[in-house]
Amino acid sequence: MQSYRMRKRRKLKAEINVVPYIDVMLVLLIIFMVTAPLMNLGVDIELPQSSAKSIQNDKEPVVVSVDQDGHLFLTLGKDQREPIDEATLVNKVSAFVRENPQVPVLVAGDQRADYGKIYQAMVLLQSANVPKVGLMSQPLQQGGAR
């Protein structure tokens, strides 16, 4: 009986003990979770300036303008620029884009305007089922002055 116990005790296990690996993985996970948000602090970003050429299009664009005070203006094709409220803007642009699906829709925002007002104009155009909205800008002046 003693030789039977000796044979059974000497049998080798072919298992890997993964508990230490799990402990190391959890410690590394905690370290990365704590340090990841700290990596983005203090990063200065300077947006690039571009002298990109303007896109040529056959159709007159729909232009939604936002002035310095946040008032909206609409220019449909070759029509005159007219002041407009949000509900009327959505209705007119939606109807115009349904009739002319390939017409470009642009937002022209005054650089002194609140970014939230320009963003709100883009949201209004999205609710008017405009598939693609572009932002208007002026080309760089000679000498790189802003």
Exercise. Hey, among 105, 34, 18, 27, which residue is modelled with pLDDT of 80 or more, in contact with a helix residue (DSSP H, G or I) (Cβ under 9 Å, 6 or more places away or on another chain) and of a type in the set (Val, Ile, Thr)?
Worked result: 105
Problem set entry | Identity of the residue in segment 67-93, free of Cβ contacts under 8 Å to residues at least 12 places away in the same chain and among the hydrophobic types (A, V, I, L, M, F, W, C), that ends up surrounded by the most Cβ atoms within 10 Å (Cβ to Cβ) | 73
For this session: Could you tell me whether residue 144 is at pLDDT below 85, surrounded by fewer than 16 Cβ atoms within 10 Å (Cβ to Cβ) and assigned to a loop (DSSP other than H, G, I, E, B)?
Result: yes
Seminar exercise, completed: Just one listed residue, out of 11, 53, is within 30 Å of residue 130 (Cα to Cα), modelled with pLDDT under 80 and among the charged types (D, E, K, R), and it is 53
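The values are calculated or read from the model by the stated rules, or taken from the named source; none is laboratory data. These numbers come from a predicted model, not from an experiment. All Cβ positions, even for glycine, are placed from backbone atoms using ideal geometry, and neighbour counts span all protein chains on display.
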